[in-house]
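Since the structure comes first, as structure tokens, the remarks are kept for the end.
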Amino acid sequence: MAKVALFIPCFVDQLTPEVGLDMVRVLRRLEFELEFPQEQTCCGQPAFNTGYWNDARPVAERFLQIFRSAEQVVCPSGSCTTMVRNFYPELLAGTPWHEEAIKVGKRVFEFSEFLVKVANVKDVGASFPHRVAVHDSCHALRELHLKPESRELLRHVRGLELVEMPYSEDCCGFGGTFATKFGAISAAMGDAKAGYAESCGAEYVTATDPSCLLHIDGILRRRKSTVRTIHLAGILAQTASAAERGARPAARESAR
Amino acid sequence: MSNAAHEFLRSAAEKSADLAHRQIIRRGIDSYNAANERGRSRFLDWEAARLRCQEIKWEAVNNLDRYLLEFEQRVKDRGGHVFWAENSKEARQYIADLATARGVRKVVKSKSMVSEEIHLGPALEKLGIKVVETDLGEYIVQLRNETPYHIVTPAMHLNRTQIAALFKEKLGDVDTDDPQQLVAAARRALRRDFFSAEMGISGANFLVADAGMIALTTNEGNGRLCTSVPRIHVVLSGIEKVIPRLQDLATLWPVLATAGTGQPITCYSTLAGGPRQPNEVDGPEEFHVVLVDNGRSELLANVEEREVLHCIRCGACINACPVFRTVGGHSYGTTYMGPIGSVLTPRLRGLNEFQHLSYASSLCGACTDVCPVKINLHHHLLHNRRDAVNASDRPWSERIGFMLWRWAVEDSRRFRAAGWLVRLGMRVVHRLRLDGTVLDPARPWNKNHAAPLAPAKSFRALWGKHNGNN
């Protein structure tokens, strides 16, 4: 199988490493040869989104230098994938890195996109006997135009019941530094989202973006909700045998 | 932080916690969404219609000088007057002078956001002229002494009960919450005003260059009454509203109606192009068009931001915006609210004072997705942010923060060390039960969230240990 380079977003690396590990498990099960370029840090999105383009630019160039030789790059975040594919060309317009940005952007894929559109896999052999609702993360939905991919993967998970939550396409309110600069607005948006998740009877909310989930999880737990969050990779990583062995607790239960 | 920013933060926090407000707006937007979806389905190809509208507006905005002069010439040929106002003050002054010279005591207005932008109402009232808003929503907010909550649905934040109580108090002759009877009461009151006013002021949805006419749409017929009954008709419009050809309305009118309210076409579509002609039986004796610049030329000169002038003020981006739905239209404290307001206001009124609006967005992009003229709204928010930073107009703490961030992420060993330190700090704060308190460096996050638990090891550490085989 083809070689795949892992693009692990900075906050996944530091705060939710299990998302990266779960993605690794799924890709290994599909027999991809994986590499993790150790030099990688951050794609530059926090600075770019806050307006610090001059600080984001060298960080973007650094990213391209690290990943330019990779055949395919997979990332467990639609947002960071968007940064590279959709925003690098604008950020680096007029610099020697512009062409490279466009080229690398075509080889960077969000995880569900990679599975369904590149690897052509819908059934990854996972088992997760729970009711799950999908939150459509904004960047994956509107910048990468991904929506059916995650649902297609979930429909092939043993025992999983897919439920639709109302307003699944509404932003959860994370928005990077927005969540801290405008905490009241962000929390209220998250609160609405949490309410929709609770109303649809799901046990779990899943998404392709760990940042949305970090936000929704913090709001749900603050509401003392019974609904939990789990990244798509977390669901796809679980197999019937692992569940029987009780090898891993579901989702981020360790963090509760 | 500017005063406007302070006020925005205060009001936004208050509205964010107002669950009754959230419910009213949700209901309003839900019914808009349903109508809008039906409306779009009536188009053979909605995307093609958007693309066509984008092309028309692009052509108009990029040849603004030519089309505005053509419009002016044709209006003058028919005996109308055109006044070019560089700013709010000039526009206000022209209309005030005209009203004074003609002895106007009452003005009826159909909806015009430019009139809000230039604060026309208070200026006329200062001269002792009574100004009556005749759009029902505008009429309601005027009775409440409020500004419009939304550019298309100004009274969206009010429910039937609140409007019933307002009418009972202000109009006297109605005591019911039946919508039809409430509308009838407003109609009775407004009819008297239409026939006693000496001046009618309208906005313009489009200025049609080749016809030399304004295109005006209203759902209540009030626009038609404002433009035809009073002796004097004054049109107030931004210069960006010009379009090349009458024929362009074939696409723009239905698209505007669909994006605005989901209607196939707005109920009353009016073209007006000058005073009553010798062979005509009705219409105003005088016809004035006030073309307002008020910062638009500067936007036009900015190639990167120019497309913001394509906006046809349909309100679709506002309805799609989750921030608007949370903070409500009044929190913005500006004439234009929601995404278009957050893009436009810092450009028209100063990045220094209004940059906070460009930051008050999660950049979800829902606005860009629905814009019928395909303005890349959330990218313009990013541009505004970039320009604020480049103007060294951001807080010191943030600038130092990003200096440190860059130092950390430009080297993987530094990044690893910084990450380790942050995780250690998070664990210590958590152990001491300080999450979300003033002693918590992550307070801005933790005061609104249950704190995330920091893992002992990073992904790279786990990968290094087992090469990912865990």
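Only the coordinates and a few stated rules stand behind these numbers; no lab work does. The structure displayed is predicted, hence computed values, not measured ones. Quick reminder, even Gly has a Cβ in these numbers, built from the backbone with ideal geometry, and neighbours come from all protein chains shown.
The figures follow:
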| quantity | calculated |
| --- | --- |
| P(r) weight above 27 Å for the stretch B:180-332, C-alpha pairs, percent | 33 |
| Unpartnered cysteines - no second Cys beta carbon under 4.7 Å - across chain B | B:53, B:226, B:267, B:311, B:314, B:321, B:371 |
| Spatially proximal lysines relative to residue A:106 (Cα-Cα < 22 Å; intrachain offsets below 8 disregarded) | A:3, A:117, A:122, A:147 |
| Estimated [θ] at 222 nm from DSSP helical runs (n ≥ 4, -39500 (n - 2.57)) normalised by residues in chain B, nearest 500 | -16500 deg cm²/dmol |
| Dipole magnitude of the protein assembly as shown about its Cα centre (Cβ charges: Lys, Arg +1; Asp, Glu -1), debye to nearest 20 | 1820 |
| Unit charges on C-beta of K, R, D, E only; dipole of the stretch A:131-244, Debye | 320 |
| A:200, B:367, A:138 arranged by Cβ crowding within 10 Å, fewest neighbours leading | A:200, A:138, B:367 |
| Cα-based equivalent ellipsoid of the stretch B:50-126: semi-axis lengths in Å, sorted from largest, via gyration tensor | 29, 17, 12 |
| Approximate shape of chain B as ellipsoid semi-axes (Cα gyration tensor, √5λ), whole Å, largest first | 47, 26, 21 |
| Cross-link pairs A:224/B:374; A:224/B:457; A:224/B:15 - those with Cα-Cα distance over 32 Å | A:224/B:374 |
| Chain A - percent relative contact order, Cα under 8 Å, separation 6 or more | 19 |
| Unit charges at the beta carbon, dipole of the protein assembly as shown: most positive-side option, B:415, B:462, B:291 | B:462 |
| Proportion of all alpha-carbon pairs of the stretch A:4-118 beyond 20 Å (%) | 36 |
| Cα coordinate range in the protein assembly as shown, projected on the principal axes (Å, largest first) | 91, 59, 51 |
| Rounded to 5, percent antiparallel among DSSP beta bridges of chain B | 25 |
| Burial ordering of A:235, B:29, fewest other beta-carbon atoms within 10 Å first | B:29, A:235 |
| Distance between the stretch B:93-121 and the stretch B:327-396 - C-alpha centres, whole angstrom | 29 |
| Cβ-based net charge around residue B:440, under 14 Å, with every Lys or Arg adding one and every Asp or Glu removing one | +4 |
| Most positive-pole-ward Cα, B:137, B:215, B:239, against dipole of the stretch B:42-296 from beta carbon charges | B:137 |
| Charge tally in the Cβ shell below 10 Å around residue B:129, where Lys, Arg are +1 and Asp, Glu are -1, residue B:129 excluded | +2 |
| Fewest-first sequence of B:170, B:111 by Cβ atoms within 10 Å of each Cβ | B:170, B:111 |
| Relative contact order of the stretch A:90-188, defined on C-alpha pairs under 8 angstrom at six or more residues apart (%) | 25 |
| Nearby aspartates and glutamates by direct alpha-carbon distance to residue B:76 (threshold 15 angstrom, same-chain neighbours under 8 apart not counted) | B:210, B:285, B:286 |
| For q = 0.08, 0.12 Å⁻¹, Debye-computed log10 I/I(0) when each Cα of chain A counts as one equal scatterer | -0.30, -0.68 |
| Set of lysines near residue B:109 by C-alpha distance (under 18 Å), chain-local residues within fewer than 8 positions excluded | B:126, B:130 |
| Charge dipole (debye, nearest 20) of the stretch B:396-466; +1 at Cβ of Lys and Arg, -1 at Cβ of Asp and Glu | 280 |
